[in-house]
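Laboratory data are not the source of any read-out in this text; all were calculated from the coordinates shown. The shown structure was predicted, so the numbers you read here are calculated from the model rather than taken from an experiment. All Cβ positions, even for glycine, are placed from backbone atoms using ideal geometry, and neighbour counts span all protein chains on display.
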Amino acid sequence: MALRLGPVIRPLRPLAIAKPCASQARWFATPAYPVTQGSSRGPTAMVFLNMGGPSTVDEVGDFLSRLFADGDLIPLGRLQSYIGPLLSKRRTPKIQKQYAAIGGGSPIRKWSELQCAEMCKLLDKMSPETAPHKPYVAFRYANPLTEETYRQLLADGFGNGRGGRAVAFTQYPQYSCSTTGSSLNELWKWRQRLEGKAAPLGDGRDDGTINWSVIDRWPAHSGLVEAFAQNIEAKLMEYPAERRDKVVLLFSAHSLPMTVVNRGDPYPAEVAASVHAVMNRLNNVNPYRLIWQSQVGPQPWLGPQTSSTVENYIAKGQKDLLLIPIAFTSDHIETLYELDEEVIGESGHADTVKRVESLNGSPVFIQALADLAKSHLDSGIACSTQMGLRCPGCKSDRCTESKKFFASQQV
Ligand SMILES: C=CC1=C(C)c2cc3[nH]c(cc4nc(cc5[nH]c(cc1n2)c(C)c5CCC(=O)O)C(CCC(=O)O)=C4C)c(C)c3C=C
Ligand code: FES
Ligand SMILES: [Fe+2]
């Protein structure tokens, strides 16, 4: 096979045996890594996928209009382009007030860029053979959008006939088709639009397009579990010693519409896996429940709801309650406004109802991201076994095509 130049000075690797999907046992593994000298397979683009949030109050309208236009999140069928804008416009003033109340915007961009850049610095040391690792963030509904990031990758020398390796690393630890699935469908869409016409070179692989692999879920990764556990332990220390072990731990995750749950979405089970792993790490000392927040609109959503759970426990006399946001890795409107201002602020017991810090810049968490990425880079897999399987109730052509694409990538 002819050698061609990759991004910067990277020669293409020889063809690898396809190992598209690996065991989910990787969720639980944090392997030791050999530190070797020399860089032969880099550069590697590390692309953090997430929904994003408006950085300023003025960006709320655009954020919501993109969100309500997303048929993977809010399926409105052929009426999407009519009803979506109406719903987002109606909701904008209320949500603008909420972002104004948390300081004028979502901190998700700041945290995502920091987490990705710090992870890449660690990876450069842990995995010199795939260095340098270049950090990118691709948001679904806010800047930097997936399109902009894809164009940046091309401008930086990935793809464009030169190949190059990129890892799409979802920042949702638990997989839902409405979150990670939507981000991957969007990434696949821009890959088709911006690179789909790249001329094949005859071997079916080295057509000079970006070679993608995906870290699609990591709900019970030991480093993630450790980062959550340490933050929970720190907050528990704020309760008097004699009450500490009886504080009820309330793991709160963004809810899903029951239509999505009944379609067979993996998210509820994966959130439960995170809770189970964290409770095991904490030796199951405290009583706990998994509860669900942030329902939008009138249709039935998975419960019990976070707000009514807190009210009900307080009414029953249980006032020591510790809320743990378990499905998001940085602060956002649902921690800073919904939990802090509404649930805790309106509970009448802000001294005993508390919230665990989000992972944000936690060094334990950033190390976990690097461990996960290192084990993925070493694994030679394109995505998890789970990602290849569609929901039993899925009727989306986007899911079929994007899953086929990512599962067929050879790394
Ligand atoms: C794992 C987390 C999330 C899941 C699952 C999820 C599903 C989901 N969300 C909506 C509708 C909305 N979500 C909104 C904001 C929002 N959602 C999440 C996370 C998940 N959503 C976050 C972190 C945020 C806030 C972003 C930030 O502040 O940075 C909104 C906009 C706010 C509002 O109008 O209330 C909507 C709408 C649906 C329908 C859904 C499942 C299908
Ligand atoms: S909705 Fe889950 S795979 Fe399509
Ligand atoms: Fe949401």
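Structural remarks
- Using C-alpha pairs below 8 Å separated by at least 6 residues, the relative contact order for segment 28-165 is 41 percent.
- Segment TYR82..GLU129, full-extension length gain: 11.9 nm, with 0.36 nm per residue of separation and the alpha-carbon distance subtracted.
- Local net charge near PRO54, Cβ-Cβ under 10 Å (Lys/Arg +1, Asp/Glu -1): -2
- Highest-MSF residue in the chain out of SER255, SER127, SER81 [GNM, Cα springs under 10 Å]: SER81
- Given charges at beta-carbon only (K, R positive; D, E negative), |dipole| of segment 295-402 in Debye: 460
- Stretch gain in nm, segment LEU389-GLN299, where the contour uses 0.36 nm per residue and the Cα spacing is subtracted: 29.7 nm
- Neighbours of LEU67 by Cβ distance under 10 Å: Lys/Arg scored +1, Asp/Glu scored -1, total +1.
- Each listed q (0.10, 0.12, 0.13, 0.22 Å⁻¹) maps to a log10 I(q)/I(0) for segment 284-386 from the Debye sum over equal C-alpha point scatterers, namely -0.40, -0.55, -0.63, -1.18.
- Angle between the chain longest axis and helix 306-315 axis [Cα atoms, degrees, rounded to 10]: 20
- Helix axis angle, 363-379 relative to the chain longest principal axis, alpha carbon, degrees: 40
- Förster-model FRET efficiency, 41 Å R0, ALA100 and ALA155, C-beta, rounded to 0.05: 0.70
- Helix 222-236 and the longest principal axis of the C-alpha atoms of the chain enclose an angle of approximately 20°.
- Calculated FRET value between SER408 and VAL285, using beta carbons and R₀ = 60 Å, to 0.05: 0.85
- Net length available on complete extension from MET237 to LYS110 is 42.9 nm, with 0.36 nm assigned per residue and the Cα-Cα distance removed.
- In plain terms, the bigger the Kirkwood radius, the slower the diffusion; for the chain, with that radius from Cα pairs, at 10 °C and 1.306 mPa s, Stokes-Einstein puts D at 71 µm²/s.
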